[in-house]
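A quick write-up on the structure given underneath.
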Amino acid sequence: EIELDPNDDNAYFTRGRSKSKLKDYYGAIADYTKAIELNPNEAIAYFTRGRSKRKLKDYYGAIADYTKAIELNPNYTDAYFYRGISKSKLKDYNGAIADYTKEIELDPNDDNAYLNRGLSKAELKDYNGAIADYTKAIELDPNYALAYFTRGLSKEFLGDLNGACADWKKAAELGETIAAEIVTNNCY
């Protein structure tokens, strides 16, 4: 289709998505960039290019693309979420928390946003805040093994080994294998 119409931004975008699925992230970025040149007002093109950049660990480039996607669509929840992940990778935990908070404002039922915000809070040693977020993630998905596991870690940091063991046991029941090892070694 590109040969028939080299100015079809959607054709470049679609080919970029195919390349991304094949893990050809450099090729995907090139096609998304061409799509953006042809249509600079398409938020999803910036978002998907940002995801490819994130896969290549170009977190600054990903953040720039997610930011542009948000400028074009201020309610783009996935752009806030993945920008938060990228900021977290750069150890900008306060920035990540701000993005997860905005995403939660827009979609209060996203258990992953609560989990990731909790992880960032834990990195800042705000274990009570982290526990609150993990608890909300568990309320939204009672089978969220990773939320139980990470909540247990925060409880351990606060000296609540009984609470930590209860969470790790639940995580182990739900299939979190590292939790089972921790239970065996730390919980009686």
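The values are calculated or read from the model by the stated rules, or taken from the named source; none is laboratory data. Since the model is a prediction, treat every value here as computed from it, not as a measurement. In this analysis, Cβ positions are derived from the backbone assuming ideal geometry, glycine residues included, and neighbour counts consider all displayed protein chains. With ligands, DNA and RNA removed, areas are computed over all heavy atoms of the protein, side chains included. Shrake-Rupley method; radii C 1.70, N 1.55, O 1.52, S 1.80 Å.
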Worksheet item: What is the sum of charges around L124, taking Lys and Arg as +1, Asp and Glu as -1, for the other residues whose C-beta is under 14 Å from the C-beta of L124?
Response: +1
Worksheet item: Which of the peptides 61-67, 150-156 is most tightly packed, and how do the rest follow, judged by the mean count of other Cβ atoms within 10 Å per residue?
Response: 150-156, 61-67
Response to the item:
Options [x] -0.57, -1.23; [y] -0.55, -1.47; [z] -0.58, -1.07 for log10 I(q)/I(0) by the Debye sum over Cα atoms at q = 0.11, 0.18 Å⁻¹; the value derived from the coordinates is listed as [z]
Fill in: Selection of GluC sites (Glu not before Pro), the range 1-85, meeting DSSP coil and at most 15 other Cβ within 10 Å
E1, E3
Worksheet item: If one computes the Cα centroid of the range 121-188 and of the range 35-83, what distance in Å separates the two points?
Response: 32
Worksheet item: Taking +1 at the Cβ of each Lys and Arg and -1 at the Cβ of each Asp and Glu, which of V183, Y80, N112 sits farthest along the dipole of the chain towards its positive end, judged by Cα position relative to the Cα centre?
Response: V183
Discussion item. Taking the solvent-accessible surface of protein heavy atoms with a 1.4 Å probe, what is the per residue accessible area of the range 1-107 in Å²?
Written reply: 54
Discussion item. I'd like the accessible area for L90: 1.4 Å probe, protein heavy atoms, all chains in place, Å² to the nearest 10.
Written reply: 60
Worksheet item: When the Karplus curve 6.51 cos²θ - 1.76 cosθ + 1.60 is applied with θ = phi - 60°, which whole-Hz ³J(HN,Hα) does each residue of the range 54-63 get, with x for Gly and Pro?
Response: 4, 4, 8, 6, 8, 5, 5, x, 4, 4
Worksheet, complete the sentence: Calc'd 3J(HN,Hα), the range 95-112, phi into Karplus 6.51 cos²θ - 1.76 cosθ + 1.60 (θ = phi - 60°), Hz, glycine/Pro = x, comes to x, 4, 4, 4, 5, 5, 5, 5, 5, 5, 4, 7, 9, x, 9, 8, 4, 5
Fill in: Under Karplus coefficients 6.51, -1.76 and 1.60, residue-wise ³J(HN,Hα) of the range 27-40 in Hz, glycine/proline x
x, 4, 4, 4, 5, 4, 4, 5, 4, 5, 4, 7, 9, x
Worksheet item: What angle do you read, to the nearest 10 degrees and between 0 and 90, between the alpha-carbon axis of helix 177-186 and the longest principal axis of the chain?
Response: 20
Practice prompt. Just add up the charged neighbours of E176: K/R +1, D/E -1, any other residue whose Cβ is under 11 Å from the Cβ of E176.
Written response: -1
Worksheet item: Over the heavy atoms of Y76, what accessible area does a 1.4 Å probe trace out, to the nearest 10 Å²?
Response: 30
Worksheet item: How large is the charge dipole for the range 1-135, taken about the Cα centre, if only the Cβ atoms of Lys, Arg (+1) and Asp, Glu (-1) carry charge, to the nearest 20 debye?
Response: 700
Practice prompt. Pull out the extension gain between N162 and D78, defined as 0.36 nm times the separation in residues minus the alpha carbon to alpha carbon distance; nm, one decimal.
Written response: 26.6 nm
